[in-house]
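Below is one structure; the comments refer to it alone.
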Amino acid sequence: MTAGLMPALVFAVLCLWSSSAAADFRLCNNTSSRVGIALGYKDAEGWTTEGWWNVSSRACETLLRGTLVARFYYIYALDYDRGGEWSGQAFMCSRDKEFTIKGTENCLARGFDRTGFFEVDTGEQRAWTVQLTESNEQPGQRVPGIPGTVGPGGPGGLPGMPNSPGGAPGLPNPPGGSGLPPAPGSKP
């Protein structure tokens, strides 16, 4: 993450509790900027990353429809208007144009970018919404129903969220035991 590009942004995670709500994975952009969203997840076929969803200021977008199939999802977001990003330590493949990429290994060798996503732990809920907010709109406040806030790229900053990536319940983890393969040069 480039410090010069990072605006003062934070993210908060909010679970949809309404039983009448659709069982989807959604993202709401509560900032004054337009944002681009990339999503990573593990399903029965393995790891997939997809992008880009362009979400207008003060708007929500459904990223995945239907009941969630995994506990952990991964987000990378770009602030189109002011620059900066929300990112983390879960490295996955992406590219500048619209994409659906299978697998997280050898991103650069396969002609993709290697991008750090932040982890979202849904706690095995059937529906989930991620809220992107600006720090000046929510200055470190604790809001009922939102576990906490953390600056971009702050892995494990939310109470109850593990510090390392995890796998989806019922799906095998890759060698090394974590939900994502280790970063190049590290040992599982």
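Check whether at least one residue in the stretch 28-44 is open to solvent by 10 Å² or more (accessible area, probe 1.4 Å), among the charged types (D, E, K, R), modelled with pLDDT under 95 and over 15 Å from T129 (Cα atoms), and report yes or no. Among the residues of the stretch 28-44, at least one is open to solvent by 10 Å² or more (accessible area, probe 1.4 Å), among the charged types (D, E, K, R), modelled with pLDDT under 95 and over 15 Å from T129 (Cα atoms), which makes the answer yes.
For the stretch 70-84, which residues satisfy the criterion of being open to solvent by 30 Å² or more (accessible area, probe 1.4 Å) and in a strand (DSSP E or B)? If you could, list the steps in order and put the result at the bottom.
The first filter runs over the stretch 70-84 and keeps only residues open to solvent by 30 Å² or more (accessible area, probe 1.4 Å), leaving 71, 78, 80-82.
Once the filter is applied, which keeps residues that are open to solvent by 30 Å² or more (accessible area, probe 1.4 Å) and in a strand (DSSP E or B), the stretch 70-84 yields only L78.
Of all the numbered requirements in (1) farther than 20 Å from A23 by Cα; (2) out of contact with any Pro (no Cβ under 6 Å at 6 or more places or on another chain); (3) surrounded by fewer than 20 Cβ atoms within 10 Å (Cβ to Cβ), Q89 misses one, and that requirement is (2).
The values are calculated or read from the model by the stated rules, or taken from the named source; none is laboratory data. Remember, it's a predicted structure, so these values are computed and weren't measured experimentally. Methodologically, a virtual Cβ is constructed for each residue, glycine included, from the backbone with ideal geometry; neighbour enumeration extends over all protein chains shown. SASA here: full protein model, heavy atoms, side chains in, ligands and nucleic acids out. Shrake-Rupley method; radii C 1.70, N 1.55, O 1.52, S 1.80 Å.
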